Structures are given as C-alpha cells and as structure tokens.
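To start, the structure itself, in structure tokens.
The values are calculated or read from the model by the stated rules, or taken from the named source; none is laboratory data. Being a predicted model, the structure only gives us computed values, none of them experimental. Cβ sites come from the backbone with ideal geometry, for glycine too, and all protein chains shown count toward neighbours.
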Amino acid sequence: MSNTPDEKKPSKATPKKAPANEVVISLYESQDKVYPRSVSGFFTQWRWAMIWITQLFFYGVPWLEWGQRQALLFNLESKRFYIFKLVLYPQDLIYLTAILIISALSLFLFTAIAGRLWCGYTCPQTVYTEIFIWIERKIEGDRATRMKLDAAAMSPEKLARKGAKHFVWIAFALWTGFTFVGYFTPIRELWAAVMSYSLSPWEMFWVCFYGFATYGNAGFMREQVCKYMCPYARFQSAMFDDDTLIVTYDEARGEPRGGRSRKADASSQKLGSCIDCNLCVQVCPTGIDIRKGLQYECIGCGACADVCDTVMDKMGYERGLVKYSTQNAIDNNWTHSQMLRRILRPRVLIYASILLLLIAALMASLWFRTPFRVDVVRDRGVMARLSDDGKLENVYRLQIMNGTETPQHFTLNVTGIDGIEIETEAASDNDDGEDDIKTILVKPTESRWVIVDLKIPDGSLDSGSHKIKFEIESMETKDVVSEKSVFLVPR
C-alpha cells in the first residue's frame, strides 16, 4: 500500500546544536578534595586538648563503676537512667528537657561571645575528622605526599597504604560504635557478648550503624558535612554582631599582598604584610580563604591564625595579621583591652543571666528531689462495690518507684474521710514477706504495684465523689509524697 500525500515517512531526529552564545551551567559543582596541611600553634594546641578531653570522657566513662553498676548508663530496657548517684525514670523527662534548654542557651552564649567555638573545638564532626586526618597523615604522609599518592596510578605501595589506612579507620569507627552502644547496654556485658559472638540483632545494628556513620562522615564527607549538612552554619549569623570574636584577616595591614624575600622592604615595594603564601588556605579544614572575609564555612578553629603567625615570625613582621578579633575592633583600630570590654554587652549579659538561672533551678530541683515517685490509678474494672463485711469499697493501684539504690520501706496513709480503712495487697512477685497492712517494701531502683482497698461504712457519706489524699512516706529517708484521688459513693 502506497503512502498518501498527507502521510509523512518517519525520519531520524537530529540533535540541535546550541547557539554559540549560550553557556551550559551545571547545577552540581564537583568538589575538589581538601588536603589540610599540618600546623602547630596556640589554637591548634587548644583543639587537641579539647579532643583529648572529649574522647577520654566518651571512651572512658562507660567503664567507670558506681557501686555495683555502670556509673553512666541509659538503660532503655529497664527504663532507668543512671547518672552516677542519680537515678531517673521516664517520668523525669523534665530534667532532660532542662538539660537540652541549658545546652542550647550555652551554644547561643558562646556564639555571641566568640563565634563557632563549638564547631571548631568540640563538635563530634570536627573532632573525629581531625582524628581521621591524623591517622591518614601518619600512614600516607604529609599533604604533598598524600596528594601525590592519590594522583598516582594504583600500585602495591598505594594499595598497601590505602588498605592500612582504611583498616585503622574501620577499627576505630567500630570501637566508637561499640562505645556508643555501651551507654545504653552495660558495656561489660556488651564486651562479653562481642567476645562470645552473641550480640543481639539490635546491638549489632547500632554498633555497625554508628561505626559506619563515623567512618563515612569523618573519613570521606568531612568538610562537606559542615558546609552543606549542618544547620548551625546557616543560622549562626543571627547570633553574631559586630562585637563577636571571629577569625579575621586584617585587610588594612595585609593589602596589597604579594610575594617578596625576607630581606625585602615591604614599604618600599608598597606591599602589605601578606606575602600571599596561601598557607592559610592549605591548613583550613574546610578549604576556604579567610582573606575573603567571614564565610559561613569557617568553623573558627584558628588554624589559619596559627600558620600566619608562623609566617610573620619568619618574615620578622608583627603577629596578628590573621587573628581572633571583632568587626568593631578592626574598623575602629581598638586595642585588645578595648575589644574585650565589649564582651559584657547586653546580649551576653541576658544570655548569661538566663543560663545561670536555669542551672540554679535545675540544681535546686535535683537537690530537693524526692528519691521516690508514686502513681495512683483507679481500678477501672471496679468503681465501687459492697464488700463481704457490708462496707463500701473502692479499689486503687499504686505504683511506687524507688529511685535509690537501697531497699526502702514505705508507710501508707489516707486522709480526707474520717474512719476510712486501708487494706493492701502486693500486685507483683517481689513480696519478701516483710509487708504489713500499711508498710510496703520496694527493692533498690525498682518499682512495685500495690493494690489498695479503701473501705467506709455503707451510708456514711452522700453519693458522689469525695476527695482523698494518699500519703506515702519512706521510713529510711522520711520523705513524703502526696497524691490526690477521689472516693466514689454510688447512688
């Protein structure tokens, strides 16, 4: 069958060429790997001091014992949080909330005073990245050697160095994951389970998950986490002002920059103090140039200030071309003492006052905290009934939680209705035969359900609900907890 004039034969589509004046822009920019150069100096020493302090705490505290248990343990299975002497229950969520609020205000205070101190010195991402880079430097060599090794073709030497580095990285990351899980499962029991290959599926999952996160974030993503994933970098400017201490480049002193010999007279060449050595960029863990001004990628570690001071010493120039300073101090040529006096400004004083008030309130609350808790629950199956002896009876369930690590005996009393009678019955299996009608024994850091029958003579009260109060007293500490409830009289 022949084609009609209206029918068109299919033809192959030919790609259209873009006009010569059009430019193709990629939405995804490839990032070059950052090779931080090793540096020494005042701020670097402080960074490593904070690394040692935080890591000794993290890896060491789970192995400390308090009495016959782990000193710091968040036992989710038994719903107990052990913080040295303190034992917290899920009902003590208010204390966790207070700690989180205090942490947030502390971050605001430190940021208002000196910028991203948390990021530069104690953030886990920064700390573990520094540790992983130190391992990399020890195995693969300094910055130039690492760059040359990465650019070279695969060889037995490169394979051996890369393999050794990743082996140490993975071992360290898994030990980090193991330690993390040790805060939620007793770490000695966890170690025994590892040695006997009997980890539970959830323990295995979290050890591997946290280890993988450490390995990936600190070994590969590094500065990408700080630049693109961390939300703190995005809203930090809201807490900065012109009197916030930040790492700054003294542009008036440093420009115009240019290379020269040590013996050259910079003033005769009309050059500033910056010799354009680019070392401040090479030591930066996020790969930025501090000479371009404050950037959100800057984590305030001070590495550029350390290396710049080293260069100034070699050139015979005054230190402080790159330093911690404030915008006002740079603009107004303030002295060091003038700059420090501006630290105690209204914003800082407000943050500090609120923070101290919250810390004092938290400490006072913990100090006066009753070492046991009581919950009163009415028996929903039995609202009110006549007992065998002809009295009107209401049934309640009391949960008594012993927050101490010694056995506690509790006495029970009920007020609000004259002549009310109390009968108790253990609702758990920990009855040691030491209870009487109004005394309940609760073992250390345990809770106990007790069934309480309250009886009054039938007809002694009008129908309706009558307020009563349970008073539970510890015979050892003499603390008293009162809980309100009602006694129901049917029509």
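Per the conditions (1) modelled with pLDDT under 85; (2) touching a Leu at 6+ places or on another chain (Cβ under 9 Å); (3) within 30 Å of S474 (Cβ to Cβ), the sole criterion not satisfied by D379 is (2). For segment 318-369, the set of residues classified as of a type in the set (S, T, N, Q) and either in contact with a Leu (Cβ under 8 Å, 6 or more places away or on another chain) or over 30 Å from G403 (Cβ atoms) (or both) consists of S325, T326, Q327, N328, N332, N333, T335, S337, Q338, S353, listed by residue number. Is there a residue being in a helix (DSSP H, G or I), exposed (fewer than 15 other Cβ atoms within 10 Å of the Cβ), among the hydrophobic types (A, V, I, L, M, F, W, C) and assigned by TED's automatic domain parsing to the domain that holds G254 anywhere in segment 332-346? Within segment 332-346, one or more residues are in a helix (DSSP H, G or I), exposed (fewer than 15 other Cβ atoms within 10 Å of the Cβ), among the hydrophobic types (A, V, I, L, M, F, W, C) and assigned by TED's automatic domain parsing to the domain that holds G254.
Does segment 281-291 include one or more residues that are closer than 30 Å to I99 by Cβ, basic (K, R), in contact with an Asp or Glu (Cβ under 9 Å, 6 or more places away or on another chain) and not in a loop (DSSP other than H, G, I, E, B)? For segment 281-291, residues closer than 30 Å to I99 by Cβ, basic (K, R), in contact with an Asp or Glu (Cβ under 9 Å, 6 or more places away or on another chain) and not in a loop (DSSP other than H, G, I, E, B): absent. Listed by first and then second residue, the pairs with beta-carbon distance under 6 Å, at least 6 apart or on different chains, first residue in segment 465-486 and of a type in the set (F, W, Y), second surrounded by fewer than 16 Cβ atoms within 10 Å (Cβ to Cβ), are F470/E483. One residue stands out among those in segment 172-227 that are in contact with a strand residue (DSSP E or B) (Cβ under 7 Å, 6 or more places away or on another chain) and hydrophobic (A, V, I, L, M, F, W, C): the one that is surrounded by the most Cβ atoms within 10 Å (Cβ to Cβ), which is I187.
Out of the residues in segment 293-307 meeting the condition of being in a helix (DSSP H, G or I) and either of a type outside the set (A, V, I, L, M) or out of contact with any Leu (no Cβ under 8 Å at 6 or more places or on another chain) (or both), tell me which one is surrounded by the fewest Cβ atoms within 10 Å (Cβ to Cβ). In this case the residue turns out to be D306. Residue check: is I94 closer than 30 Å to P231 by Cβ, part of a helix (DSSP H, G or I), among the β-branched types (V, I, T) and in contact with a Leu (Cβ under 6 Å, 6 or more places away or on another chain)? Against the criterion (closer than 30 Å to P231 by Cβ, part of a helix (DSSP H, G or I), among the β-branched types (V, I, T) and in contact with a Leu (Cβ under 6 Å, 6 or more places away or on another chain)), I94 does not qualify.
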